[in-house]
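One structure is given below, encoded as structure tokens.
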Amino acid sequence: MHELWSRRVWRAVLFWLCLGLGSAIPAHSTTVTLQDDRGKTLVFEQAPQRVVSLLPSLTESVCALGACQRLIGVDRYSNHPVQVRKLPQLGGGMDPNIEAIVALRPDLVLMATSGRAADRLEALGLRVMAMEPKTHAEVLSGLQRLGRALQTGQADQIWRSMHQDIVALAAQMPAAALGKRVYVQVSPAPHAAGEASFIGETLGLLGLQNIVPRSMGVFPQLAPEYVVRADPDIILVAQSQWSALRNRPGWSAMKAVQRERVCAFTPEQNDMLARPGPRLVEAARWVLDCMKRLKL
């Protein structure tokens with residue numbers, strides 16, 4: 001088990017480093033051409049200085065890249081780092097305040113591909129960059145492209161730091177936790193974080209095994225009976241959902257419930273876990289701390 005886990009970690013090391021090699025910005029050019037997650041080509045002849053972000057993970061990425069001072073407005077859910085809480089709130093990704101956004105005269109609007117109003121904002125003359133990462137590769141690629149657009153030149157450093165920190169945390173996982181089967185619920189529907197999601201991949205790097213395989217997608221909606229049959233060793237779920245979850249038919253017989261092997265996260269911890277951005281390391285640290293507290 002330890003040998004298998006070590007091989008997985010070193011494969012991840014090579015993966016992260018190879019992605020990082022592609023994030024360098026040409027030294028003698030300020031014109032950057034890239035594609036967002038819609039496949040739309042964006043050309044930046046100079047770095048944007050007035051940025052609106054309508055997705056918390058993109059807000060955090062802008063700040064991680066050293067460009068927090070360029071943000072002039074954010075969505076209602078962006079709350080990290082602390083300084084963004086003072087910025088004008090412009091609705092959410094699904095209900096953005098178009099008039100307020102236009103009034104701020106941004107030279108770049110960041111939003112999720114699932115968000116609404118991209119076409120309308122573009123019709124009003126604004127430049128929109130849409131990204132919605134769901135895997136580690138997409139998280140890193142998104143941060144890389146955002147770094148190129150902002151021309152900060154810091155993406156490589158962020159990759160290396162994140163890689164080093166997660167590998168260091170993985171080395172601290174209790175031996176009893178390695179290989180344990182986990183279930184992560186991300187919404188009451190219930191939707192789970194599958195093995196292929198950025199959450200699932202973080203757990204995999206830490207040596208845990210997801211009960212939702214890659215073949216089921218990144219965040220599949222599950223029948224409650226699926227989790228009962230899978231009988232995970234450990235459950236990760238929001239504190240607000242746990243009391244209702246444990247009373248579902250059949251759940252009282254599951255190992256994780258009987259042995260109280262549950263990591264229940266607060267709203268603040270959920271922000272770390274559910275946002276595919278630079279705080280993946282903080283999410284991994286919280287999982288590690290929980291594994292150390294459980295009776296495994």
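Values computed for the structure shown
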| item | result |
| --- | --- |
| Val102 vs. criteria at pLDDT 95 or above and open to solvent by less than 10 Å² (accessible area, probe 1.4 Å) | no |
| Count of region 218-232 residues which are touching a Gly at 6+ places or on another chain (Cβ under 9 Å) and among the aromatic types (Phe, Trp, Tyr) | 1 |
| Hits in region 46-85 - residues which are polar (S, T, N, Q) and either closer than 20 Å to Pro133 by Cβ or crowded, with 24+ Cβ neighbours inside 10 Å (or both) | Ser53, Ser57, Thr59, Ser61, Ser78, Asn79 |
| Residue in region 143-164 that is open to solvent by less than 20 Å² (accessible area, probe 1.4 Å), of a type in the set (S, T, N, Q) and within 30 Å of Ala118 (Cα to Cα) present | no |
| Scan of region 105-142 for residues that are among the hydrophobic types (A, V, I, L, M, F, W, C), more than 20 Å from the chain's Cα centre (by Cα) and surrounded by fewer than 17 Cβ atoms within 10 Å (Cβ to Cβ), ordered by number | Ala123, Leu124 |
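This table checks each residue for (1) surrounded by fewer than 21 Cβ atoms within 10 Å (Cβ to Cβ); (2) within 30 Å of Met162 (Cβ to Cβ).
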position	(1), (2)
Gln185	yes, yes
Leu208	no, yes
Arg229	yes, no
Ala244	yes, no
Val262	yes, yes
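The values are calculated or read from the model by the stated rules, or taken from the named source; none is laboratory data. As the structure is a prediction and not an experimental result, all values here were calculated from the model. Cβ atoms come from the backbone with ideal geometry, glycine included; neighbour counts cover every protein chain shown. Ligands, DNA and RNA are excluded from the accessible area calculation, which covers all protein heavy atoms including side chains. Shrake-Rupley method; radii C 1.70, N 1.55, O 1.52, S 1.80 Å.
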